[in-house]
């Protein structure tokens, strides 16, 4: 057993291995400094919720409180490993400033109250609005941090009880494009690939994905291949020099650093090169796809030289990246916010799908596509319909799918809103701004920091005609605007399941009691349904379940026969071993490692989740047009020309400004900002400039800068970093909850979303957080280096210029290598569940 400081050594000890070998086990454990392993009263099964990886872990409990965590050796996702946020941030918040009683607003101030009073106010306002205005007066804005059972319960309340289409969440900000791209290409949401593809691939492409910081354990998995025999070549697409970019150089791959907003031009050039140089698998394309000729015509103008001029990258690097993709026997691709939060997001993400389809690299070991999520339960938001989707990956435009839900819930089909697409988050906030949404219920998220153009969001939350309910564990920046605040139980204090990026379902048992009068989100939703007396068409309670396991059973039935089939799963089956990837049913009782091995996709009109869109305009296809395509289970090759972003640098605002993450913080720091170790590692924001830009502006490390866009400004110390010239990076995590007393939002601002604009992708409706223009002004001398971490992409350009980021007292983590062998990966199916069989090779 070795001991490590996992603040300074983020990814932990290496366990190198060769291609097609199993990833070795390494069990990570961190306990409170005064607690030894023998002191732990019990270990309670769970999984981490602080990135989309969903690493399985056990919670250490002593004297009724959480005192640490330990990775689960047998789990297919992490083989025992945990990242810094999981080790230090998943539980340390539990003894901080929690909400313990409901709060209600009296004479302009939030005061402590009781549950009857708080829920009574919500129900009174809800009933009055339904009577006077109707269901369109209600909006629900949720998270990627709840459990599956809670999302599904909320979806049934909203869609079958209230009848509102206004349901979405912060998953729109980070994961909507992942879902949209898979619907456009494959007919349905649901990741085709598997984490096990890392063990088998010959090349890894990371498109706008700084995996080293956003999914630290998954990057450790990649590093173990990079340091082993037969290492894969890495290709990184990122304007910053990240550890991923460094691995690209070290493995003989490529680091492409396009200007923000130009991803589509780069992707069109890569697709063109694969076609022009004869690397496409024409037999697979003919048998299993539609749209090749149209795609080839669309990308034809985008030579490497054209892309190089638009993106400001070398044409030779574009060719080299295309060659690696076109000639490697097995390629794994991952995609994240550098594409999703940028211009032409869905169109660019679809080109990743196109590259794999062109080469026939899907459904086989090492040939995965991972359109990543930002949170481990974002997949559940989409599956369960708590956002702009219908439960079970159903199509809102398919009358039979609506009838299926109506029969399941025993309600009139007309109750379920389906006359138009479900409301996406950006439009939901617009309706609140216009006054048509009069009750906005916000669960487990902090839009006063996370939404774009924050001055606008604050003004909406402060509207007198908007009744705001906030359900959270802390008095966040958003909760301070609420009319009613409901104290919610958090991770480790309640029971439920959640599903990570590669479809793996984990069970999280309750380890400790929530503080004071706090209740689980499920209990809060159930209480609301009871008080509202929501009934089905026979007069029975609409929500028939009363606990998490009952909600899970109801959800299982909702998924029967769909791609995300959970009918083979149960709490009993999920307890004690590894997480299990869906679909899991009678045909695949141990789950499914990767999808589409047979080349048959859920694109048939009666199965698909969407009839698709024009990627350039966002215009939707109707059922008749879609049926005329005669898809017969084939994937769709869809393209778009490149267009200029809606905002670009100019003489007045000469910099492109992008926001992003650090390995040590999560979202708006509601939890990680209350962790001793993580707070010390990344305590405050910074503004990251290239060496040349800093020299031109006369900026030294630590000088205070003001970054100003047409919408607002941010002030923070300078980090002279390793990004490309003309691009400024600002971490988005930092809000106002811990600012000095008397400081109001907007005073001496440091939230990155003061800068961002209210624009979104035409298909996924995801905001463009990485498309903004700004000017940078030095406003004061520094008092020392910026507090930016030195261990990741924010490292200073000059090594040794800044003291290294290390853990403080009590940071020691135990690492045990090779403790036990992981289980074998679940088998790959011969046929995709829930999809009609076709003679996939007969397309004449």
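If you go through the range 329-360 and keep only what is assigned to a loop (DSSP other than H, G, I, E, B) and buried (at least 24 other Cβ atoms within 10 Å of the Cβ), you end up with 336, 341, 342, 343, 344. Scanning the range 552-582 for residues that are in contact with a strand residue (DSSP E or B) (Cβ under 7 Å, 6 or more places away or on another chain), crowded, with 18+ Cβ neighbours inside 10 Å and part of a helix (DSSP H, G or I) yields 552, 574.
For the structure I just gave you, tell me whether residue 127 is under 29 Å from residue 383 (Cα atoms), at pLDDT 95 or above and surrounded by fewer than 24 Cβ atoms within 10 Å (Cβ to Cβ). In short, yes. Residue 410 fulfils the conditions (1) under 25 Å from residue 567 (Cβ atoms); (2) in contact (Cβ under 8 Å) with a residue 40 or more places away in the chain; (3) touching a strand residue (DSSP E or B) at 6+ places or on another chain (Cβ under 9 Å) except for a single criterion, (3). Restricting the range 536-546 to residues that are part of a loop (DSSP other than H, G, I, E, B) and free of Cβ contacts under 8 Å to residues at least 24 places away in the same chain, the residue that is nearest to residue 393 (Cα to Cα) is 544.
So residue 130 ticks every box in (1) within 18 Å of residue 488 (Cβ to Cβ); (2) touching a helix residue (DSSP H, G or I) at 6+ places or on another chain (Cβ under 9 Å) but one. Which box is left unticked? Going through the list (1) within 18 Å of residue 488 (Cβ to Cβ); (2) touching a helix residue (DSSP H, G or I) at 6+ places or on another chain (Cβ under 9 Å), residue 130 breaks only (1).
Counting only residues that are modelled with pLDDT of 95 or more and under 22 Å from residue 460 (Cβ atoms), the range 143-155 holds 1 of them.
Kindly establish whether residue 252 is surrounded by fewer than 18 Cβ atoms within 10 Å (Cβ to Cβ) and out of contact with any helix residue (DSSP H, G or I) (no Cβ under 8 Å at 6 or more places or on another chain). Criteria met by residue 252. If you go through the range 286-316 and pick out every residue that is assigned to a helix (DSSP H, G or I) and surrounded by fewer than 19 Cβ atoms within 10 Å (Cβ to Cβ), you end up with 12. Within the range 389-411, the set of residues being under 13 Å from residue 156 (Cα atoms) and not in a helix (DSSP H, G or I) comprises 389, 390, 391, 392, 410, 411. Here the helices (runs of 4 or more DSSP H) wholly within the range 170-270 that include at least 2 residues being closer than 24 Å to residue 732 by Cβ are 171-174, 176-186, 211-214, 216-226, 243-250. Determine whether the range 599-613 contains at least one residue that is in contact (Cβ under 8 Å) with a residue 12 or more places away in the chain, outside any loop (DSSP other than H, G, I, E, B) and touching a strand residue (DSSP E or B) at 6+ places or on another chain (Cβ under 8 Å). Yes, some residue in the range 599-613 is in contact (Cβ under 8 Å) with a residue 12 or more places away in the chain, outside any loop (DSSP other than H, G, I, E, B) and touching a strand residue (DSSP E or B) at 6+ places or on another chain (Cβ under 8 Å). The listed residues are 529, 455, 488, and the only one of them that is surrounded by fewer than 18 Cβ atoms within 10 Å (Cβ to Cβ) and not assigned by TED's automatic domain parsing to the domain that holds residue 708 turns out to be 455. For the range 453-526, the strands (runs of 3 or more DSSP E) that sit wholly inside it and include 2 or more residues that are in contact (Cβ under 8 Å) with a residue 60 or more places away in the chain, in contact with a helix residue (DSSP H, G or I) (Cβ under 7 Å, 6 or more places away or on another chain) and within 25 Å of residue 542 (Cβ to Cβ) are 467-472, 484-487, 496-499.
Per the listing 118, 160, 155, the residue uniquely out of contact with any strand residue (DSSP E or B) (no Cβ under 9 Å at 6 or more places or on another chain) and closer than 25 Å to residue 546 by Cα is 160. Residues of the range 762-816 that are within 20 Å of residue 705 (Cα to Cα) and not in a loop (DSSP other than H, G, I, E, B): 773, 774, 775, 776, 777, 778, 779, 780.
Checking each residue in the range 681-694 for being farther than 17 Å from residue 735 by Cα, touching a strand residue (DSSP E or B) at 6+ places or on another chain (Cβ under 9 Å) and either loosely packed, with under 15 Cβ neighbours inside 10 Å or touching a residue at least 60 places away in the same chain (Cβ under 8 Å) (or both) picks out 688, 689, 690, 691, 693. Checked against (1) more than 29 Å from the chain's Cα centre (by Cα); (2) not assigned by TED's automatic domain parsing to the domain that holds residue 496, residue 93 passes all but condition (1).
Can you find a residue in the range 415-431 that is modelled with pLDDT of 95 or more, in a helix (DSSP H, G or I), more than 26 Å from residue 177 (Cα to Cα) and in contact with a helix residue (DSSP H, G or I) (Cβ under 9 Å, 6 or more places away or on another chain)? Yes, because at least one residue in the range 415-431 is modelled with pLDDT of 95 or more, in a helix (DSSP H, G or I), more than 26 Å from residue 177 (Cα to Cα) and in contact with a helix residue (DSSP H, G or I) (Cβ under 9 Å, 6 or more places away or on another chain).
I'd like to check something: does the range 257-270 contain any residue that is surrounded by fewer than 24 Cβ atoms within 10 Å (Cβ to Cβ), under 18 Å from residue 328 (Cα atoms) and either in contact with a strand residue (DSSP E or B) (Cβ under 8 Å, 6 or more places away or on another chain) or in contact (Cβ under 8 Å) with a residue 24 or more places away in the chain (or both)? No, the conditions are met nowhere in the range 257-270. Of all the criteria given as (1) assigned to a loop (DSSP other than H, G, I, E, B); (2) in contact with a helix residue (DSSP H, G or I) (Cβ under 6 Å, 6 or more places away or on another chain); (3) more than 25 Å from residue 764 (Cα to Cα), the one not satisfied by residue 640 is (3). The set of residues in the range 66-97 that are in contact with a helix residue (DSSP H, G or I) (Cβ under 7 Å, 6 or more places away or on another chain) and either without any contact (Cβ under 8 Å) to a residue 60 or more places away in the chain or not in a loop (DSSP other than H, G, I, E, B) (or both) comprises 66, 69, 84, 85, 88, 89, 92, 93.
The values are calculated or read from the model by the stated rules, or taken from the named source; none is laboratory data. Fair warning: this is a prediction, and the values are worked out from it, not measured in the lab. Reconstructed Cβ throughout: ideal geometry from the backbone, glycine too, with neighbour counts over all protein chains shown.
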